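Q: After the C-alpha cells below, expect a handful of questions from me.
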Amino acid sequence: MLGLKPTTTTILLVAPSDMRRTMVAQQLEALGYSVIVAADPQTLTDLLTFSQYDLIVMDLSSDRTSASRSLSDQAARLLAQGTPVLMLTLDQQSNSRSWTQETLSYRVGAALRNRNVSDVISERMFRYEGLNVLDPETTLFSRRYFDAIFPTEIERSRRIHQPMTVLLLAVGGTALERPSTWQLVSARILTSLRQTDILVRFSSEKILIVLPFTEAGLGRVVAARLIKTLGLLTEDDPAELQFTIGLASFPRQGTTPNALLSAVQHAQSQAVNPGEIVSSDE
C-alpha cells in the first residue's frame, strides 16, 4: 500500500501479565496505534504524571492478582475524572487469541469515538497528506482511490481464503444541509471502526465500508453497532439524520468487484426504514 505517515493516536496499555501485555500490544500496533506499555499501577501513575494519552487500556483478565484489583480501583478513579479508559476482561469460555482478534479493534474504536471531531479529522489529514486519496468534505477515501484498490482487496481475500464484508451506508435528513454534518458523521464512523477497515465516500449521500477478514454475521453486528452509534448524533431530533445499511459479503454474494458492489447496492436499496439493515441474501 502507499507509504502512510504513522497515526498520532497513542494508547497506554497496562497489563500485569507479561504474556497478555505482549499479545495485546502487538494487536494494537497491528491496528496502527502507537502503544506505550506499563506493567503495574505505579508505572501507570508515573506515566500519567508526564504525558497524556488518547486512551488507557487496562487488561484485567487476571482477576486474582493484587495488581489487577489495584488497576480496577485506579480505573474507577480515572473514569470519574473523565479520562478515557477501556477495561478488558476475558470470558473464561473464550479463547484469548480469538477474543483479541475478533473484539479488541471494535472495543478500542468505540472507546475512542468521543474524541474531539477536529482531532480526528486533523489526524487523518496529517496521515494522508500529499497522497491525494481523501474526499475533502469527509476525509474518507475518495471513490477514485477506492476503485483503484478494491480489486486488490478482493484478490487478497481470494488468495488467503478469508471472507470480507462490505457495508453501504446511506445518509439522509435535514442536517445534511449544514456543512459540518459530514465531518461529524465521518469522524464518528472513523472512531467506531478498525483502522484496517476501508471507509469510502461512495457517492454524495453514501459511505462504503470494507471490513477485511470479516464474515457476514460479524459484519451485521458491526452494522448494528454503527447504526446505534450514529443515532447518538441526533437523539433530540431523529429526523435530522437517518441511516440505512446494505450488506454483502465475499465470496457468498460476489467474487468480483462489480458483483460485490452490485449486491451491496441492491441490498441498500431495499432498506427503506430509518435504522434498517438489509443483507443481499434476504
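Q: Pull up the DSSP beta bridges for the chain and report the antiparallel fraction as a percent, rounded to 5. Walk me through the intermediate numbers first.
A: Values: 22 of 39 bridges.
So the antiparallel bridges amount to about 55 percent of the total.
Q: Sorted by average packing, counted as other Cβ atoms within 10 angstrom per residue and highest first, what order do 127-136, 10-19, 177-186, 255-264 take?
A: 10-19, 255-264, 177-186, 127-136
Q: Relative contact order for the chain: what is it in percent, counting Cα pairs under 8 Å that are at least 6 residues apart?
A: Value for the chain: 15 percent.
Q: Per the helix-only calculation at 222 nm, which mean residue ellipticity applies to the chain, given -39500 (n - 2.57) for every DSSP H run of n ≥ 4 and division by its residues, nearest 500 deg cm²/dmol?
A: -13000 deg cm²/dmol
Q: Show the residues, 5+ positions off or on another chain, whose built amide H is closer than 5 Å to the amide H of Val57.
A: Excluding prolines and chain starts, which carry no amide H, the hits are Leu12, Leu13, Val14, Leu86.
Each reported figure results from applying straightforward, stated rules to the coordinates on display, with no laboratory input. Note that the structure is a prediction, hence the values are computed from the model and not measured. Neighbour counts run over all protein chains shown; Cβ positions are idealised from the backbone, glycine included.
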